[in-house]
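Structure first, then comments.
The values are calculated or read from the model by the stated rules, or taken from the named source; none is laboratory data. Quantities reported herein were computed from a predicted structural model and do not represent experimental measurements. Reconstructed Cβ throughout: ideal geometry from the backbone, glycine too, with neighbour counts over all protein chains shown.
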Amino acid sequence: MTRTEVDPQARFDEIIEAGEKVEPRDWMPEAYRKTMIRQIAQHAHSEVIGQQPEGNWITRAPSLARKAILIAKVQDEAGHGLYLYSAAETLGVSRHELNEMLHSGRQKYSSIFNYPTLSWADIGAIGWLVDGAAITNQVMLTRTSYGPYSRAMIRICKEESFHQRQGYEIMLALVNGTEQQKAIAQDAFERWWWPSLAMFGPPDDQSTHTEQSQAWGIKLETNDELRQKFVDMTVPQADYLGLTVPDPELRYDEDSGHYHFGEIDWDDFWQVVKGNGPCNRERIAHKTKAWDDGAWVREAALAHAAKQANNSKGAEK
Amino acid sequence: MSYDVPREENEVDPEFAGTQNGFPLWEVFVRAQRGLNHVHVGSVHAADAQSATQAARDVYTRRAEGVSLWVVASEHIHASDPDAQGDWFNDSKPYRHPTFYEIPEEIGHM
Amino acid sequence: MADPHELYTFLLRVGDDNLILAQRLGELVSWMPELEEDIAVANVALDHLGQARNVLTYAARMAGPDASEDTLAMERSEREFLNAVLVEQPNGDFGQTMARQLFVDAYQVPFYEALATSSDDTVAGIAAKAVKEARYHLARSSNWVVVLGDGTDESHQRMQAGIDAMWRYTADLFFTDETEEALQQAGILPSFDNIRGTFDDTVSSVLARGLLALPEDPYQRIGGRTGFHTEHLGHLLPDMQALHRANAGASW
């Protein structure tokens, strides 16, 4: 070996330290690789499962314009899942393996998608609150240290910029509408408010791994910081809509310039994470049924491709 | 973090072999407009080149991002050795760059 | 000048084909065999929905000051829809979905090509844009029909079953009556004489490449263009319209 020997760990640390990106074929600590796979896969699974609660209203959208927007949005979720699986695959896993992990429950997706969409207003609330919460986090992730993940997030953030706005616009139409429309808007807001806050994860003093993730440049702001940012941004938006935040403790704190809010029900949160949310079983059953029903199609496509390859080999001889 | 599910107690990270059991992987390159290079944008899974091209169109040009695309089976991409970075990609010849040369100011832009 | 009502009826026939097919395809998002196909089917659904909206918006101009694409889509009942019965057929398995799509695409490409020469600028403009989408749809559905026909024994059998199940609804696509005739005589619509031949050529060449055959049963179910539908439409419409109808006059 004539090449200058560099300690790979030192080289990796140097890259992180300099704020440069780690790229697929670089040496990286095993724990970094595993953490990235876990995070990107969960993110991908979340987008893919996220098709379901909103897809639930495609056939019933109240106008053709809303139907088109909703199809485009659900399609984006699938696209974002795909970009993220692509990023995960650069770390030495296959999409097939990740699929199996999702179906068997060994890898999870965001608990937010385990809540049902019960009225049209839920489509507004998801766009406004869930996509709002997601974008708060995803903007940070465009600066994450793993190159393919960061690039996927840049593309995703660009495409998602319409998601939150369309959700808020749905809510606006509802609160300016009939009594019944106003009622479903408030009801949906109340059901999605707390799960959206919980999306940011356990409080900092209970969350493990934050320090390591920050050191690796995977996570740049803490759960509580992001949650506070989200509440500060969202409460005035709710006020504008004339919706009541379902939190008796909510008040604006002049001194800090932030909203103080009540305690999240973490027991409920962990129940949903552990599989006991209102829709956990249905979401996975839907996903595995779609996958199993499609098995013959995938087999056929591979068989056809193999025949084609054989034919063209034959033709060359 | 929003889409990140917190670790449960006793959670163990699974091991992966990276085996492609399903459709093979294809890298996708899109030309944004005439006059520009095709640029790598991501990948798709598809059984053959024809299906991969269609999938690439459906996935990566939903917002009129391109006027042409290529797909290349990922297994056909050959890359330089990442460990050889310093050996292969050093910049030891400053005289290849315009800033190496000092031109009197009176001459103006050159 | 033809009776505006004739143009209105013709536009509903075209618009409803696309609206009802978009509705069926919308049911499939998140149910496809691979993620790439979820994205692809959403694209096709959006194309058909966009075509439906363009056509119905134009039709609404002939239906009174309160009419809109939404009142036409959401406030007409089963007997007032004028789509061909093919597009209201359930998705079935992926083979049946692709058989239905191939037949629609093989019809729409020559249909829109002809329609793009209409002397009505709005109609011609809508058709000129739609034909590009239809050509891509045809490339995609043809590819899948060939892949499945040629793939495995199971896929061949399923693809053939899909063709067999959908074929009997294809003649309804080509049904015309005094409506089209009047519009053609008035010089608004071009002749549709060559569409059927092009359709037959396309279908037989795709089926041949997929080692598939047309069924021998000559029965064809006609009636969609005059509101005589299969029973499936009566289940699709309440799902699509319920929310809109329960909130008369509301904005969304």
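Couple of notes before you dig in:
- Residues in segment A:98-109 that are more than 7 Å from every other protein chain (Cβ to nearest Cβ) and assigned to a helix (DSSP H, G or I): A:LEU98, A:ASN99, A:GLU100, A:LEU102, A:HIS103, A:SER104.
- Within segment B:17-34, the set of residues being of a type outside the set (S, T, N, Q) and within 19 Å of the chain's Cα centre (by Cα) comprises B:PRO24, B:LEU25, B:TRP26, B:GLU27, B:VAL28, B:PHE29, B:VAL30, B:ARG31, B:ALA32.
- Flag if C:ALA22 is under 11 Å from the mean Cα position of the chain (by Cα), without any contact (Cβ under 8 Å) to a residue 40 or more places away in the chain and over 20 Å from A:GLU54 (Cβ atoms): no
- Checked against the criterion of being of a type in the set (A, V, I, L, M) and buried (at least 17 other Cβ atoms within 10 Å of the Cβ), the candidates A:LEU243, A:LEU250 yield just one match: A:LEU243.
- Pair list, Cβ < 6 Å and 6+ apart or interchain, from segment A:110-123 residues that are away from every other protein chain (no Cβ under 11 Å) to residues that are of a type in the set (S, T, N, Q) and surrounded by fewer than 20 Cβ atoms within 10 Å (Cβ to Cβ): A:THR117/A:ASN56
- Matching residues, segment A:259-289, being of a type in the set (A, V, I, L, M) and either surrounded by fewer than 18 Cβ atoms within 10 Å (Cβ to Cβ) or farther than 15 Å from A:TRP192 by Cα (or both): A:ILE264, A:VAL273, A:ILE284, A:ALA285
For (1) in a loop (DSSP other than H, G, I, E, B); (2) of a type in the set (Ser, Thr, Tyr); (3) more than 13 Å from chain A (Cβ to nearest Cβ); (4) in contact with a helix residue (DSSP H, G or I) (Cβ under 6 Å, 6 or more places away or on another chain), each residue gets a yes or a no:
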| residue | (1), (2), (3), (4) |
| --- | --- |
| C:ASP193 | yes, no, yes, no |
| C:GLU216 | yes, no, yes, no |
| C:TYR219 | yes, yes, yes, no |
| C:ILE222 | yes, no, yes, yes |
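- Here segment A:190-229 is the region considered, the condition is being of a type in the set (Lys, Arg) and assigned to a helix (DSSP H, G or I), and the residue that is surrounded by the most Cβ atoms within 10 Å (Cβ to Cβ) is A:ARG227.
- Helices (runs of 4 or more DSSP H) wholly inside segment A:1-68 containing at least 1 residues that are out of contact with any helix residue (DSSP H, G or I) (no Cβ under 7 Å at 6 or more places or on another chain), of a type in the set (Ser, Thr, Tyr) and more than 10 Å from every other protein chain (Cβ to nearest Cβ): A:30-49
- Residue under evaluation A:THR142, criteria (1) away from chain C (no Cβ under 14 Å); (2) in contact (Cβ under 8 Å) with a residue 40 or more places away in the chain; (3) of a type in the set (S, T, N, Q), criterion not met: (2)
- The conditions of being more than 10 Å from chain C (Cβ to nearest Cβ), modelled with pLDDT of 95 or more and within 13 Å of the chain's Cα centre (by Cα) are met by A:ILE126.
- Segment A:231-260 residues that are among the hydrophobic types (A, V, I, L, M, F, W, C), paired with ones that are part of a loop (DSSP other than H, G, I, E, B) and surrounded by 11 or more Cβ atoms within 10 Å (Cβ to Cβ) (beta carbon under 8 Å, 6 or more apart): A:VAL231/A:PHE261; A:VAL235/A:VAL245; A:VAL235/A:LEU250; A:ALA238/A:THR244; A:ALA238/A:VAL245; A:LEU250/A:PHE261; A:LEU250/A:GLY262
- Positions within segment C:63-90 being aliphatic (A, V, I, L, M) and in contact (Cβ under 8 Å) with a residue 40 or more places away in the chain, in sequence order: C:ALA63, C:LEU72, C:ALA73, C:MET74, C:LEU82, C:ALA84, C:VAL85, C:LEU86, C:VAL87
- Within the span defined as segment C:146-157, one or more residues are closer than 30 Å to A:ALA301 by Cα and not in a helix (DSSP H, G or I).
- Summed over segment B:1-30, residues that are out of contact with any Phe, Trp or Tyr (no Cβ under 8 Å at 6 or more places or on another chain) and more than 30 Å from A:ASN223 (Cβ to Cβ) total 11.
- Restricting segment A:275-317 to residues that are among the acidic types (Asp, Glu) and within 14 Å of chain C (Cβ to nearest Cβ) leaves a set whose member that is nearest to C:HIS156 (Cα to Cα) is A:GLU299.
- Scanning segment C:8-38 for residues that are among the hydroxyl-bearing types (Ser, Thr, Tyr) and touching a Gly at 6+ places or on another chain (Cβ under 7 Å) yields a total of 1.
- Residues within segment A:268-293 that are among the hydrophobic types (A, V, I, L, M, F, W, C) and at positive phi, tallied: 0
- Per-region count, segment A:58-82, residues in contact (Cβ under 8 Å) with a residue 60 or more places away in the chain and closer than 16 Å to A:ILE112 by Cβ: 2
- Subset of segment C:128-158 that is without any contact (Cβ under 8 Å) to a residue 40 or more places away in the chain and over 19 Å from C:ASP47 (Cα atoms) - its residue that is nearest to the other protein chains (Cβ to nearest Cβ): C:GLY151
- Pair list, Cβ under 9 Å, 6 or more apart: segment C:49-62 residue of a type in the set (S, T, N, Q), other residue surrounded by fewer than 22 Cβ atoms within 10 Å (Cβ to Cβ) and not in a helix (DSSP H, G or I): C:THR57/C:SER68
- Residues that are touching a Leu at 6+ places or on another chain (Cβ under 6 Å), part of a loop (DSSP other than H, G, I, E, B) and within 14 Å of chain C (Cβ to nearest Cβ) do not occur anywhere in segment A:89-97.
- Looking across segment A:131-147, the residues that are crowded, with 24+ Cβ neighbours inside 10 Å and under 17 Å from A:GLY79 (Cβ atoms) come down to A:ASP131, A:ALA134, A:LEU141.
- From C:LEU211, C:LEU183, C:LEU207, residue being more than 15 Å from the chain's Cα centre (by Cα), within 14 Å of chain A (Cβ to nearest Cβ) and either outside any loop (DSSP other than H, G, I, E, B) or surrounded by fewer than 15 Cβ atoms within 10 Å (Cβ to Cβ) (or both): C:LEU211
- For A:GLY177, the criteria (1) more than 30 Å from C:GLY249 (Cα to Cα); (2) in contact with a Ser or Thr (Cβ under 7 Å, 6 or more places away or on another chain); (3) without any contact (Cβ under 8 Å) to a residue 12 or more places away in the chain hold in every case but one, which is (1).
- Across segment C:32-86, the number of residues qualifying as more than 9 Å from every other protein chain (Cβ to nearest Cβ), farther than 27 Å from C:PHE175 by Cβ and acidic (Asp, Glu) comes to 1.
- When we screen A:GLU160, A:GLU169, A:GLU190, A:GLU211 for residues that are out of contact with any Leu (no Cβ under 9 Å at 6 or more places or on another chain) and farther than 26 Å from A:ALA65 by Cβ, the only hit is A:GLU211.
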